[in-house]
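Trainee: Structure in structure tokens, see below.
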Amino acid sequence: MTDRATTDLLPLARAASPIRPAYFAAAAVALGVMVIAILSPSLWFLNWLHVMSGTLWTGIDLFMGFVIGPLIRTLPFEMRRAWIAGIIPRMTVLMPTLSIVTSTAGWFLAQRLGFLDLGYPGFYWVIAALAIITVLTVQGLGYLLPTNLRIYFEMQKPQPDGEKIGRWMRTYVKATAVQGCFQVAIIVVMARFATGL
């Protein structure tokens with residue numbers, strides 16, 4: 001990207017708002033589809049929704065953590081600023097929505113398939129799934145989401161504190177790597193569910 005193109009993006013970056021009604025409308029539609037799948041007698045539909053939302057959640061998480069994160073650190077500050085202004089509003093709505101749909105659909109799917117009534121040792125896999133989802137949710141909503149917003153608002157300032165942003169980004173990348181490891185762990189558990197306990 002040329003310096004001129006970067007300069008042209010800056011007013012957009014500074015003017016961007018993290019609250020975009022269209023993103024919240026899309027999230028509401030996704031949550032509505034989740035409710036329909038839960039209330040529907042179709043096991044296939046509920047399973048499809050769980051697998052699709054889980055695939056998106058895990059895929060985006062891993063891609064952001066291991067591909068985009070390291071790449072962003074190499075960009076000049078003003079390009080990072082423009083990029084963050086575009087991606088944060090989307091991720092702030094997308095990732096919590098995907099995690100809610102995946103976890104909720106997964107719970108109702110496990111209930112319908114009888115996994116919640118299993119005896120031990122099979123029930124240990126259910127406990128593992130619940131523990132991993134709890135860690136992913138607490139880390140995502142308790143750390144990653146607030147850090148995204150802190151970085152976003154700092155970048156919108158006329159004179160952002162580069163040292164503070166750099167410090168946040170370093171811990172954010174590490175937390176995302178941990179999140180990615182837990183995402184891989186939940187795939188292992190889900191593969192076990194799919195092949196029988």
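Derivation of every value follows stated rules applied to the coordinates shown; laboratory data play no part. Keep in mind the model is a prediction, meaning the values are calculated, not measured. Note that we place each Cβ from the backbone using ideal geometry, even for glycine, and neighbour counts take in every protein chain shown.
Trainee: Once you place label points 7 Å from the Cα toward the Cβ at residue 170 and residue 56, how far apart are they in nm?
Mentor: Simple spin-label model gives 3.5 nm for this pair.
Trainee: Order by neighbour count: 102, 74, 147, fewest other Cβ atoms within 10 Å first, most last.
Mentor: Least crowded to most crowded, the residues run 74, 147, 102.
Trainee: Compare the peptides 119-130, 182-193 by average per-residue count of other Cβ atoms within 10 angstrom and give them in order, highest first.
Mentor: 182-193, 119-130
Trainee: Using just the C-alpha positions of the chain as equal point scatterers, what log10 of I(q)/I(0) does the Debye formula give at each q in 0.08, 0.13, 0.16, 0.19 1/Å?
Mentor: Here log10 of I(q) over I(0) equals -0.33, -0.76, -1.03, -1.30.
Trainee: About its Cα centre, how strong a charge dipole does the chain have in debye, to the nearest 20, once Lys and Arg get +1 and Asp and Glu get -1 at the Cβ?
Mentor: Charge dipole of the chain: 300 debye, to the nearest 20.
Trainee: Explain nothing, just the number: relative contact order of the chain, from Cα pairs under 8 Å at least 6 residues apart, as a whole percent.
Mentor: 31 percent
Trainee: Taking the beta-carbon count within 10 Å as an exposure proxy, list 61, 117 from fewest neighbours to most.
Mentor: By the 10 Å Cβ count, ascending, the order reads 117, 61.
Trainee: Nearest 500 deg cm²/dmol is fine: what mean residue ellipticity at 222 nm does the chain get from its DSSP H runs of n ≥ 4 alone, each adding -39,500 (n - 2.57), divided by its residue count?
Mentor: -27500 deg cm²/dmol
Trainee: For the chain, list the DSSP H helices whose alpha carbon atoms reach 18 Å or more along the long axis and whose average Kyte-Doolittle value is 1.6 or above?
Mentor: 21-39, 123-139
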